[in-house]
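Have a look at the structure below, then the notes.
The values are calculated or read from the model by the stated rules, or taken from the named source; none is laboratory data. Every value quoted in this text rests on a predicted model; they were computed, and no experiment measured them. Cβ: placed from backbone, ideal geometry, glycine included. Neighbour counts: every protein chain shown.
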Amino acid sequence: MDTNINDVQGRYTSETIRYDDANLATIIAELESAKTLISTTIPANIKTMENSESLWEGKSKEQYLGLKELINKYQADFATSVSELKSAVDGLETLLASISESNVIKEIDSA
């Protein structure tokens, strides 16, 4: 195995790199659905739990409240993560769509 980073002979088989963005629209739609579910389903489940909140007492109530707090934090963190991922995929879609319109600033020397 040749570990010389400058030895690129035989590593490239095409002058043009093509990116396949056929699945991006599906991924974006699925991420949007996930965001909706996270912001509706988890809070609805918490509301259902809260309807029985008065039944808890003592140490079990403390544990229940800790669990409820954990689920609320999980929902918020998960929603943030999915939103950030969707933002990144949206940016990728924009980037891939604009490649054909880009101008070459400098050709790579000795490529």
For the stretch 34-80, how many residues meet the condition of being within 21 Å of the chain's Cα centre (by Cα) and not aliphatic (A, V, I, L, M)? 13
In the stretch 55-64, is there at least one residue being at pLDDT below 95, surrounded by 13 or more Cβ atoms within 10 Å (Cβ to Cβ) and not in a helix (DSSP H, G or I)? yes
Top-ranked residue in the stretch 1-51 [being modelled with pLDDT of 90 or more and small (Gly, Ala, Ser); ranked as farthest from residue 64 (Cα to Cα)]: 25
